[in-house]
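Quick notes on the structure that follows.
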Amino acid sequence: MKILALLGSPRPKGNTQAVLEIVLAAAEKGGAQTETIQISELNDLAGCMECFKCQQSDPPDCAIDDDMKPVLDQALKADLILWATPVFCWSPAWPLKIALDRFYSLFKIKDGKEVKSLLAGRKMAAVISAGGGEQDGADLVTETFRRMTEFSKCQWLGAFVATFVDTPQTIRADRDLVSRARAFGRKLAS
């Protein structure tokens, strides 16, 4: 099992990364190979321009030649794509939203309705951190990724939502949160 974690927090070493590290360590103990890409650290990153060049060929082909192209290639090699983001104004943080939009190039849409997903058969899950409660936007972010999974013709493994998080230190000291995060990581590896 190869897990590709796409870390969408613009803040290195922040709350989302702290939770993600716990989840991935448990997944690795369960036998998974993991790779994390911090999207905000890509040097050259642009959003989707909706030019539809990606729809003119069957293999992935995005008109934007930037650091997102290798990420899309990695996604095609992964068994599981793990979206990781804090909640920003009821949505994923901007780096992950850019990545999510660029995943459009991995879908081939014919006649405006028939969708061929180059990700079909893979698994997807999410790790979400929130300063507030689950109903303060984490529920909307979870639903975004669940719907992306459904559209991708992938299997949804669920979301681990860490609510009312304060700092990476308090996250690591919260025994209940750590226990639940490890259980989620083991689930992803199985």
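The values are calculated or read from the model by the stated rules, or taken from the named source; none is laboratory data. Predicted model, so just to flag it, every value in this text is computed and none were measured. Positions of Cβ are backbone-derived with ideal geometry, glycine not excepted, and every protein chain shown enters the neighbour counts.
Quick notes
- Failed item, numbered, when MET124 is tested on (1) touching a Phe, Trp or Tyr at 6+ places or on another chain (Cβ under 7 Å); (2) within 18 Å of PRO59 (Cα to Cα): (2)
- Within the range 32-43, not a single residue is closer than 30 Å to PRO168 by Cβ and in contact with a Phe, Trp or Tyr (Cβ under 7 Å, 6 or more places away or on another chain).
Per-residue answers, yes or no, for (1) under 30 Å from LYS77 (Cβ atoms); (2) at pLDDT below 95; (3) β-branched (Val, Ile, Thr); (4) out of contact with any Ser or Thr (no Cβ under 9 Å at 6 or more places or on another chain):
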| residue | (1), (2), (3), (4) |
| --- | --- |
| ALA125 | yes, no, no, no |
| GLY132 | no, yes, no, no |
| GLU143 | yes, no, no, yes |
| ARG146 | yes, no, no, yes |
| LYS153 | yes, no, no, no |
| ALA159 | yes, no, no, no |
| THR167 | no, no, yes, yes |
| ALA173 | no, no, no, yes |
| ASP176 | no, no, no, yes |
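- Flag for LYS77 being farther than 17 Å from ALA25 by Cα, in contact with a helix residue (DSSP H, G or I) (Cβ under 8 Å, 6 or more places away or on another chain) and charged (D, E, K, R): no
- Residue ID - nearest to MET1 (Cα to Cα), chosen from residues in the range 170-190 that are surrounded by fewer than 16 Cβ atoms within 10 Å (Cβ to Cβ) and free of Cβ contacts under 8 Å to residues at least 12 places away in the same chain: SER179
- Selection status of PHE107, surrounded by 15 or more Cβ atoms within 10 Å (Cβ to Cβ), aromatic (Phe, Trp, Tyr), under 18 Å from LEU80 (Cα atoms) and modelled with pLDDT under 95: yes
- Of all the criteria given as (1) surrounded by fewer than 18 Cβ atoms within 10 Å (Cβ to Cβ); (2) at pLDDT 95 or above, the one not satisfied by GLU114 is (2).
- The listed residue being surrounded by 20 or more Cβ atoms within 10 Å (Cβ to Cβ) and touching a Gly at 6+ places or on another chain (Cβ under 8 Å), out of ALA18, ALA27, ALA5: ALA27
- Flag if ILE37 is within 16 Å of ILE3 (Cα to Cα), free of Cβ contacts under 8 Å to residues at least 60 places away in the same chain and either of a type in the set (Phe, Trp, Tyr) or touching a helix residue (DSSP H, G or I) at 6+ places or on another chain (Cβ under 7 Å) (or both): yes
- Qualifying residue in the range 1-10 (condition: free of Cβ contacts under 8 Å to residues at least 40 places away in the same chain, part of a loop (DSSP other than H, G, I, E, B) and farther than 27 Å from GLY121 by Cα): no
- Listed by first and then second residue, the pairs linking a residue in the range 117-142 that is among the basic types (Lys, Arg) to a residue that is buried (at least 18 other Cβ atoms within 10 Å of the Cβ), with Cβ atoms under 7 Å apart and 6 or more places separating them unless they lie on different chains, are ARG122/ALA78; ARG122/LEU80; ARG122/ILE81; ARG122/CYS154; LYS123/LEU80; LYS123/CYS154.
- Test: residue in the range 64-81 that is touching a Pro at 6+ places or on another chain (Cβ under 7 Å), buried (at least 16 other Cβ atoms within 10 Å of the Cβ), closer than 24 Å to PRO12 by Cβ and of a type in the set (Gly, Ala, Ser): no
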